[in-house]
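The values are calculated or read from the model by the stated rules, or taken from the named source; none is laboratory data. Computed from a predicted model, the values in this text were never measured in an experiment. Please note: Cβ atoms are built from the backbone with ideal geometry, for glycine as well, and neighbour counts cover all protein chains shown. Areas reflect the complete protein model, heavy atoms only, side chains present, ligands, DNA and RNA absent. Shrake-Rupley method; radii C 1.70, N 1.55, O 1.52, S 1.80 Å.
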Amino acid sequence: MADRVRIVNACKYFGKVVALRNASLSVKPGEVVLVIGPSGSGKSTMLRCINRLEHLSSGEIWVDEDKVTDHASDIRKIREEVGMVFQSFNLFPHLTALENITLAPRVVKKISDTDARDLGRKLLARVGLSEKETVFPEQLSGGQQQRVAIARALAMSPKVMLFDEPTSALDPEMIKEVLDVMVELAKEGMTMLVVSHEMGFARAAAHTVVFMDNGEIIERGPPEAVFAAPKEERTQRFLKHIL
Amino acid sequence: MAEVESAKSTGVSKEAPVSPRGDPRLGRGARIEVTDGALIPGRGEKATFSAWRISFFGALALLVGLFLFKPHPYRDIMLFLPDGILKTFEVTVMSIACALIIGLFAGLGRISRVRIINRIATIYVEVIRGIPLLVQIFYIYYALGKLIQVPDILAAVIAMAVCYGAYLGEIFRAGIQSIHKGQMEAAIALGLTRGQALRRIILPQTVRVVLPPLGNEFIALLKDSSLVSILAVSDLLRRGREYASKTFDYFEAFTVVALVYLVMTLFFSRLVALMEERMNQRGR
Ligand SMILES: Nc1ncnc2c1ncn2[C@@H]1O[C@H](COP(=O)(O)OP(=O)(O)OP(=O)(O)O)[C@@H](O)[C@H]1O
Ligand SMILES: [Mg+2]
């Protein structure tokens, strides 16, 4: 099967800082990839290059047939197909939960208000927040905000979802409600790249674990293999820390 | 909470006069500190509020008292002035309206990634802020006069708008920059263009942040509009002078003029404060 996301020899420099060194990664449709690694290892950078929130310094990234790193390609089309969920939710504070979800379909896809509303309600129901339709983000708990943010990304019917530490800004008791939604999504066959250190999610949903350090992809494999018997010394050391 | 300082208090500094603090997820509930123009009496600041009350009602009472108990010359003066008050409002409202448009473009220009637009906007702001308003008014008046014949009041409005556009531009810039960058990223990641994101996500949040400082610029402009009296625009100040030059009641005429300006600016200060309070309460 063709790769849904293909990263080839990606390098990214921020001035003298090397955020990505020759990272290569292929993600199959329906695959759930968990990206782990110490702080500053380039996990966020890799994700942010996939929808070109950051530009690669060299290398190539493909989403299906579309070359993200080609400046001639329609990046907005690609961004429609790549959903992103942020650590800090980034919900639009001046819009209600429903409006947060319906904005992009209305503005970008130009679907009618009624269709957008129906879609929004369906997605709110899917993340278990039907009764929060008219509520503003400020009045939602962190877990609820993140679930709205997931629904917002799903509203564009993406082919890939990127999650950058979706639960690390949450109080422990709210982590599960967000992970449940993500596991559900994974079961439905969504292609996902998830930066997270939640072992629960790794066990329940991840097909592949990628360990990054210092901008490099050090090791990748099925979670059982990487967690139980990491091959690389750096992976072993890191896992000892977090497990 | 983000704080936006008044554009004027920042001088010619190029740094964003905004220091976003606290929860970066929410670009809201921003509070604005103003060091220029009238003191804003919020209900929280008891001392300021009562000072406001004393000044406002004191000025009002004084006007009424003079009108009733010393009709000559005060009654005549007060009957002579209303045309000027209207003119002052006319100039102020038209100027602020034009300045808002200029300011929005200047502010957007200042944050534009297009180098040339950015440069032009920045030069505009720096040049305007470096020249006294009175000089600008003279200059624009005579510069315009060389090109086209425009009514005095229009020349006055253009001069005020060009000048205040620069200050409002700085407020807009600071306001836009006080919105957390995650907002733009989230919008872009959904497939919106930068323009769509600006219009639908960034500017609506900016309005909340900039309304109070804009209110204060309005008050400052109301006061500065007295400068246009040198352009044969019969605003409040000029009406006062006209009256005085006929009757030689200079002291009395300017007493009334000063009190009327005071009542007006204090009134609007209170309005701005209430608006700010409401916005903080609503929390969004
Ligand atoms: N916009 C930026 N400007 C300069 N340097 C940056 C920028 N973004 C990231 N970096 C640097 O690039 C490196 C990789 O950062 P990145 O955010 O991708 O790491 P990360 O693995 O996501 O870390 P964390 O777990 O802390 O989120 C770090 O050294 C970081 O300081
Ligand atoms: Mg990160």
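Is it the case, given these coordinates, that A:Leu140 is closer than 30 Å to A:Arg76 by Cβ and within 16 Å of ligand 2 (Cβ to nearest atom)?
Numbers: closer than 30 Å to A:Arg76 by Cβ: yes; within 16 Å of ligand 2 (Cβ to nearest atom): no.
Taking the combined requirement at face value, the residue does not satisfy it.
Exactly one residue out of A:Glu65, A:Glu60 is modelled with pLDDT under 95 and either open to solvent by 10 Å² or more (accessible area, probe 1.4 Å) or more than 16 Å from ligand 2 (Cβ to nearest atom) (or both), and it is A:Glu65.
Within segment B:113-130, is even one residue out of contact with any helix residue (DSSP H, G or I) (no Cβ under 9 Å at 6 or more places or on another chain), within 30 Å of A:Asp74 (Cα to Cα), within 14 Å of another protein chain (Cβ to nearest Cβ) and open to solvent by 10 Å² or more (accessible area, probe 1.4 Å)? Scanning segment B:113-130 turns up no residue that is out of contact with any helix residue (DSSP H, G or I) (no Cβ under 9 Å at 6 or more places or on another chain), within 30 Å of A:Asp74 (Cα to Cα), within 14 Å of another protein chain (Cβ to nearest Cβ) and open to solvent by 10 Å² or more (accessible area, probe 1.4 Å). Within segment A:29-56, the set of residues being within 15 Å of ligand 2 (Cβ to nearest atom) and of a type in the set (Lys, Arg) comprises A:Lys43, A:Arg48. Look at segment A:150-165: where a residue is open to solvent by less than 10 Å² (accessible area, probe 1.4 Å) and of a type outside the set (A, V, I, L, M, F, W, C), no partner that is at pLDDT below 95 and within 16 Å of ligand 2 (Cβ to nearest atom) sits 6+ places away or on another chain with Cβ atoms under 7 Å. Of the residues making up segment A:200-217, just one is within 16 Å of ligand 1 (Cβ to nearest atom), among the aliphatic types (A, V, I, L, M) and open to solvent by 30 Å² or more (accessible area, probe 1.4 Å), namely A:Ile217. Let me spell it out: the conditions are (1) within 14 Å of chain B (Cβ to nearest Cβ); (2) buried (at least 23 other Cβ atoms within 10 Å of the Cβ); (3) in contact with a Leu (Cβ under 9 Å, 6 or more places away or on another chain), and A:Arg147 meets all of them except one. Which number is the exception? Single failed check for A:Arg147: (1).
Residues of segment A:84-98 that are outside any loop (DSSP other than H, G, I, E, B) and touching a Leu at 6+ places or on another chain (Cβ under 6 Å): A:Met84 alone. Within segment B:179-207, the set of residues being at the interface with chain A (Cβ under 8 Å from one of its Cβ atoms) and either surrounded by fewer than 21 Cβ atoms within 10 Å (Cβ to Cβ) or part of a loop (DSSP other than H, G, I, E, B) (or both) comprises B:His180, B:Gly182, B:Glu185, B:Leu190, B:Gly191, B:Leu192, B:Thr193, B:Gln196, B:Arg200, B:Pro204. Condition check for A:Ser112 on (1) closer than 20 Å to B:Thr206 by Cα; (2) open to solvent by 10 Å² or more (accessible area, probe 1.4 Å): one failure, at (1).
Note on segment B:143-159: residues that are open to solvent by 50 Å² or more (accessible area, probe 1.4 Å), under 23 Å from B:Leu100 (Cβ atoms) and among the hydrophobic types (A, V, I, L, M, F, W, C) total 2. The number of residues in segment A:176-223 that are within 16 Å of ligand 2 (Cβ to nearest atom) and among the hydrophobic types (A, V, I, L, M, F, W, C) comes to 7. A:Val17 falls short on exactly one of the conditions (1) more than 14 Å from ligand 2 (Cβ to nearest atom); (2) over 26 Å from A:Gln146 (Cβ atoms); (3) among the aliphatic types (A, V, I, L, M), and that condition is (1).
Here B:Leu68 meets the list (1) open to solvent by less than 50 Å² (accessible area, probe 1.4 Å); (2) aliphatic (A, V, I, L, M); (3) modelled with pLDDT of 85 or more almost entirely, failing just condition (1). The residues of segment A:68-90 that are facing chain B (nearest Cβ under 8 Å) and either open to solvent by 10 Å² or more (accessible area, probe 1.4 Å) or in contact with a Ser or Thr (Cβ under 6 Å, 6 or more places away or on another chain) (or both), listed by number, are A:Arg76, A:Lys77, A:Arg79, A:Glu80, A:Met84, A:Phe86, A:Ser88. Restricting attention to segment A:15-47, which residues are crowded, with 24+ Cβ neighbours inside 10 Å, assigned to a loop (DSSP other than H, G, I, E, B) and more than 13 Å from ligand 1 (Cβ to nearest atom)? Answer for segment A:15-47, where residues must be crowded, with 24+ Cβ neighbours inside 10 Å, assigned to a loop (DSSP other than H, G, I, E, B) and more than 13 Å from ligand 1 (Cβ to nearest atom): there is none.
Rundown of residues vs (1) small (Gly, Ala, Ser); (2) free of Cβ contacts under 8 Å to residues at least 12 places away in the same chain; (3) buried (at least 17 other Cβ atoms within 10 Å of the Cβ); (4) under 23 Å from B:Ala197 (Cβ atoms), yes/no style:
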site	(1), (2), (3), (4)
B:Gly109	yes, no, yes, yes
B:Tyr141	no, no, yes, no
B:Arg173	no, no, yes, yes
B:Gln177	no, no, yes, yes
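The condition of being among the hydrophobic types (A, V, I, L, M, F, W, C), away from chain B (no Cβ under 14 Å) and either within 15 Å of ligand 1 (Cβ to nearest atom) or surrounded by fewer than 18 Cβ atoms within 10 Å (Cβ to Cβ) (or both) does not hold for A:Ile175.
For A:Lys132, indicate whether it is away from ligand 2 (no atom under 16 Å from the Cβ), among the charged types (D, E, K, R) and modelled with pLDDT of 95 or more. For A:Lys132, the condition - away from ligand 2 (no atom under 16 Å from the Cβ), among the charged types (D, E, K, R) and modelled with pLDDT of 95 or more - is met.
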